[in-house]
Amino acid sequence: MSMIKNMDDLLSCKKKADGYARILSAGNFTDWQSLHEILYQFILCKYSLYGICHDIYSLDTLAQMSVAKTIQMTGKDAFKADSKASCEGTTSAMNKKILLLMAIQKLMGISFPREVTAKLTDTKLIARAVFELSAKTEKDGKIHEG
């Protein structure tokens with residue numbers, strides 16, 4: 001893949017992510033499923049998987065696919081290379097998950113409780129947690145912190 005094509009793909013995903021971010025930050029979701037539809041597309045854009053990934057909800061899998069795409073290796077080879085890269089025991093995929101959760105919290109004006117964060121293993125669980133926290137935040141008029 002050429003450098004220009006790569007940059008075009010990244011810019012396209014960024015633009016799409018910004019559009020989904022505007023929809024998410026506006027709220028107006030009646031249930032977690034409708035929130036999930038938009039949040040899932042946002043996550044795919046953030047992970048540069050928009051248009052090439054469907055019906056994969058595991059955050060680990062999505063993060064690993066994103067790393068593999070970024071370093072232009074197959075999933076298994078990318079995982080092997082990534083898992084040996086850090087002396088702290090973290091991988092690029094783990095870092096992507098953490099940064100994604102931080103971005104969602106900031107975007108939605110919420111804070112995941114510490115005991116919940118580790119359990120957010122797929123996009124549907126994230127959508128449920130965001131929906132519940134957003135409803136509490138709206139009701140209380142403040143950000144809930146964990």
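The values are calculated or read from the model by the stated rules, or taken from the named source; none is laboratory data. Note that the structure is a prediction, hence the values are computed from the model and not measured. In this analysis, Cβ positions are derived from the backbone assuming ideal geometry, glycine residues included, and neighbour counts consider all displayed protein chains.
Annotation note: of Leu10, Leu44, the sole residue that is at pLDDT below 90, more than 16 Å from Arg128 (Cβ to Cβ) and of a type in the set (A, V, I, L, M, F, W, C) is Leu10.
Scanning segment 98-146 for residues that are of a type in the set (Ser, Thr, Tyr), in a helix (DSSP H, G or I) and either at pLDDT 90 or above or closer than 16 Å to Gln33 by Cα (or both) yields Thr117, Thr123, Ser134. Pairing residues of segment 11-39 that are without any contact (Cβ under 8 Å) to a residue 12 or more places away in the chain with residues that are exposed (fewer than 12 other Cβ atoms within 10 Å of the Cβ) and not in a loop (DSSP other than H, G, I, E, B), at Cβ distances under 8 Å and at least 6 apart in sequence or on separate chains, gives no pairs at all.
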